[in-house]
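Below is one structure, written out as structure tokens; the observations come after it.
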Amino acid sequence: APLRRPVPPTVAPVMAASPADKVFAVDQAGNLVLDEPMRLRLENLVVLSPEDQLSARVEAQVAHLPPKAAAAARELVSRYEGYMSAQKLSSSSVQAPLLPQEGLAELAELRALRQSYFGQAAAQRLFGKEEQVVQRLLELMMEDPVPDAPMAEKALRAQARYDEER
């Protein structure tokens, strides 16, 4: 199971379970909360909003935030759009990995891309849990008892072993 670090009280979201229609939340200090659930809501906002409506939808989302957090949210949306474009460009010519080692190399590239757009600490808060799971699954695939098995078979066995570990 992934290691869970305790969250300092000053970083705990004020809105423990923010409504589905609210993408952003702030902590007790008024700072934007950066975590995986927020990233998933942000991704939905960016992906599902027509280009000509995104700005208005973002403004509606930041209206309830303190000015500093609202500015941080707008900047995050801009960074996320750039990240998604860069990710599409970097993966458009790449086929699915044929070996777990290739998957680990792609994960390292993706991690570096995320860090370049969000910074190391924010990228860890936004994508860290997901990256840990993917890395562990790829490691388990490398340890597969049938080295010449197709990746799909290795993935199924790795998932079963991962589930047992948890």
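Under the condition of being part of a loop (DSSP other than H, G, I, E, B) and under 20 Å from the mean Cα position of the chain (by Cα), the residues counted in the stretch 17-48 number 13. Arg39 meets each of the listed conditions (1) open to solvent by less than 70 Å² (accessible area, probe 1.4 Å); (2) closer than 18 Å to Ala121 by Cβ; (3) modelled with pLDDT under 95 apart from (3). Part of a helix (DSSP H, G or I) and within 17 Å of the chain's Cα centre (by Cα): which single residue out of Glu102, Glu106 fits that description? Just one listed residue meets the conditions, Glu106. Among the conditions (1) acidic (Asp, Glu); (2) closer than 25 Å to Arg41 by Cα; (3) open to solvent by less than 50 Å² (accessible area, probe 1.4 Å), the only one that Glu75 does not satisfy is (3). State which residue is modelled with the lowest pLDDT when the search covers only the stretch 49-72 and only residues that are part of a helix (DSSP H, G or I), open to solvent by 60 Å² or more (accessible area, probe 1.4 Å) and not polar (S, T, N, Q). Result: Glu51. Among the conditions (1) part of a helix (DSSP H, G or I); (2) open to solvent by 70 Å² or more (accessible area, probe 1.4 Å), Met84 misses just one, which is (2).
Let's see how each residue does on (1) crowded, with 17+ Cβ neighbours inside 10 Å; (2) farther than 18 Å from Glu106 by Cβ; (3) at pLDDT 95 or above:
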residue: Phe127; (1), (2), (3): yes, no, yes
residue: Leu137; (1), (2), (3): yes, no, no
residue: Met142; (1), (2), (3): no, no, no
residue: Pro147; (1), (2), (3): no, yes, no
residue: Glu153; (1), (2), (3): no, yes, no
residue: Ala160; (1), (2), (3): no, yes, no
residue: Glu164; (1), (2), (3): no, yes, no
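Flag not set for Val146, criterion: closer than 24 Å to Asp35 by Cα, touching a helix residue (DSSP H, G or I) at 6+ places or on another chain (Cβ under 9 Å) and β-branched (Val, Ile, Thr).
The values are calculated or read from the model by the stated rules, or taken from the named source; none is laboratory data. Fair warning: this is a prediction, and the values are worked out from it, not measured in the lab. Every residue, glycine among them, receives a Cβ derived from its backbone with ideal geometry; neighbour counts consider all protein chains shown. SASA here: full protein model, heavy atoms, side chains in, ligands and nucleic acids out. Shrake-Rupley method; radii C 1.70, N 1.55, O 1.52, S 1.80 Å.
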